[in-house]
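Before any comments, here is the structure.
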Amino acid sequence: MKRTVIKSTGRYIPSRLVTNDDLASMMDTSDAWIRERTGIEQRYWIPEGEIVGASDLGLEATKIALDKAGWKAEELDLIIFATLSPDIFFPGPGCLLQHKLGLSSTPTIDIRQQCTGFLYGQSIADAYIRSGLARKVLFVGSEVHSTGLDKSTRGRDVAVIFGDGAAAVCFEGVETDKETGVIASVLHTAGEFAESLMLELPASRLPERGLLDCEDVARLYPTMNGSKIFKLALRRLPEVTLEVLEKAGMSLDDIDLIIPHQANLRINEAYQKTMNIPDNRIYNNIQKYGNTTAATIPLALDEVIEMGMIDTTKSTLLFVALGAGLTWAASIYRFGE
Ligand code: UT7
């Protein structure tokens, strides 16, 4: 049977360390508030004044993942790029990355599922691989948030959360009788909450995309109803975890490690408590990176592999995320060929 396995991972974090104290010098916030409400201690931003887009960070992560896989870019059958912070409005960064990889006709799919970008991307890779449409698929989740945040006190609820970063995963189709690779995925969307976390402009629904008429510059920055998203996460993350376990015919005891999306440590701690998950079976790194949106889960996966926290010959992982859209999703992945 054809299975979708992870051949390699890679991550790239830009060099500019931004502490909570650094943010406190830009806006009315404090290290204590940010740590207490979000768990975030620091994040990384792209170098000040440099022209760096999501495809550039994605390229660096891709080079590492391709190198670890022992693949040349030319071998890729498909590139899936997930971001909410594209280099330009269109075309998507998948096209830009493809060119930067020196490719001239490899197909690309740009997806915009925000915090669930990896889970949606993985399910697309899995569908292409299982159907025989592709064998080697590159997924990239990459965000440059820092150039699009309102760094005044007005935008502090959003600005303190996000960090820049990228991660890449090489997925490969293999023939095996073993139950390995992507075991089960579930994906959900509730568009009724679209405006609870959004970046409105530029907006095609508005005359001149709203830009010429934009009196309120805040509409050029992301806005979020934080407490609403928080409460939805507390309900949906446990729910979708149980749903994917049921789909896979597994229980939480079968899972060696859970990697949840990194939006707020308090959300993940509440999730852990609700699900009764021991500390050594859930991984968080939001403390170091903030919320890197489409990159969070593959970035964390790359770290846990590097640290030897999982056995890449047999560990079973559960990924779970919720974010703008509203989208929420989960998947179960088992290592081993
Ligand atoms: O990955 C995308 C999905 N996003 C999420 O999952 C985010 C979910 N939401 C959250 O993480 C939290 O709601 C936040 C971290 C955004 C906010 O935390 P909160 O505990 O929900 O705070 P709040 O919005 O209820 O605000 C509490 C107070 C307010 O002041 P008043 O009205 O009580 O005087 C805010 O103005 O904290 C104030 N505040 C801040 N103070 C210092 C909001 N942001 C900040 C800040 N520094 N950065």
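The values are calculated or read from the model by the stated rules, or taken from the named source; none is laboratory data. Since the structure is predicted, the reported quantities are computational estimates derived from the model, not experimental observations. In this analysis, Cβ positions are derived from the backbone assuming ideal geometry, glycine residues included, and neighbour counts consider all displayed protein chains. Ligands, DNA and RNA are stripped out before the accessible areas are found, and what is left, the full protein with its side chains, is counted by its heavy atoms. Shrake-Rupley method; radii C 1.70, N 1.55, O 1.52, S 1.80 Å.
Given labels modelled 7 Å from the Cα in the Cβ direction, how far is it in nm from Leu133 to Asp216?
Between Leu133 and Asp216, the simple spin-label model gives 4.0 nm.
Can you give the percent of C-alpha pairs in the stretch 241-337 whose distance is more than 21 Å?
28 percent
Using a 1.4 Å probe on the protein heavy atoms only, what accessible surface does Thr274 show? Give it in Å² to the nearest 10.
We get 90 Å² for Thr274.
Could you work out the relative contact order of the chain, using alpha carbon pairs under 8 angstrom and six or more residues apart, expressed as a whole percent?
26 percent
I'd like the distance separating the alpha-carbon centroids of the stretch 168-192 and the stretch 100-132, in whole Å.
12 Å
In whole Å, largest first, what are the principal axis extents of the Cα atoms in the stretch 2-175?
So the extents along the principal axes, rounded to whole Å, are 54, 30, 26.
Could you state the accessible area per residue of the stretch 32-172 in Å², with a 1.4 Å probe and every protein chain left in place?
Computed with neighbouring chains in place, this is 40 Å² per residue.
What percent antiparallel are the DSSP beta bridges of the chain, to the nearest 5?
About 75 percent, rounded to the nearest 5.
At a 10 angstrom cut-off on C-beta neighbours, averaged per residue, how do the peptides 310-317, 112-119 rank from highest to lowest?
In decreasing order of mean packing, 310-317, 112-119 become 112-119, 310-317.
Going by amide H atoms built from the backbone, whose H comes under 5 Å of the H on Thr180, apart from near neighbours?
Excluding prolines and chain starts, which carry no amide H, there are no hits.
Place a point 7 Å from the Cα of Thr312 along the Cα-to-Cβ direction; which residues of the stretch 163-188 have their backbone N under 18 Å from it?
Zone members listed by number: 167-174, 180-182.
Just order 123-129, 175-181, 57-63 by mean Cβ neighbour count inside 10 Å, highest at the front, would you? Kindly include the intermediate steps, with their values, before the conclusion.
Values: 123-129: 21.6, 175-181: 13.9, 57-63: 25.4.
Put in order of decreasing packing, that is 57-63, 123-129, 175-181.
For the stretch 120-126, what does the Karplus curve 6.51 cos²θ - 1.76 cosθ + 1.60, with θ = phi - 60°, yield as ³J(HN,Hα) per residue in whole Hz, taken in order and with x for Gly and Pro?
Couplings: 5, x, 4, 5, 5, 4, 4 Hz.
So what are the radius of gyration and Dmax for the Cα set of the chain, in Å?
Every Cα atom of the chain included, Rg and Dmax give 19.1, 61 Å.
Sort 38-51, 199-212, 15-28 for me by packing, meaning the mean count of neighbouring Cβ atoms within 10 Å per residue, highest on top. Walk me through the numbers on the way to the answer.
Working: 38-51: 16.9, 199-212: 12.8, 15-28: 14.4.
Going from most to least packed, we get 38-51, 15-28, 199-212.
List, in order, the whole-Hz ³J(HN,Hα) value for each residue of the stretch 191-196 obtained from phi through the Karplus relation with A = 6.51, B = -1.76, C = 1.60 and θ = phi - 60°; use x for Gly and Pro.
For the stretch 191-196, the Karplus-derived couplings read x, 4, 9, 3, 7, 6 Hz, x marking Gly and Pro.
Using alpha carbon centroids, what distance separates the stretch 208-229 and the stretch 28-54, in Å?
20 Å
With a 1.4 Å probe and all protein chains left in place, how much of the accessible area of the stretch 46-181 comes from carbon and sulfur atoms, in whole percent?
Of the solvent-accessible surface of the stretch 46-181, carbon and sulfur hold 53 percent.
Are there any GluC sites (Glu not before Pro) in the stretch 67-161 that are in a DSSP loop and have at most 12 other Cβ atoms within 10 Å? List them by number.
none
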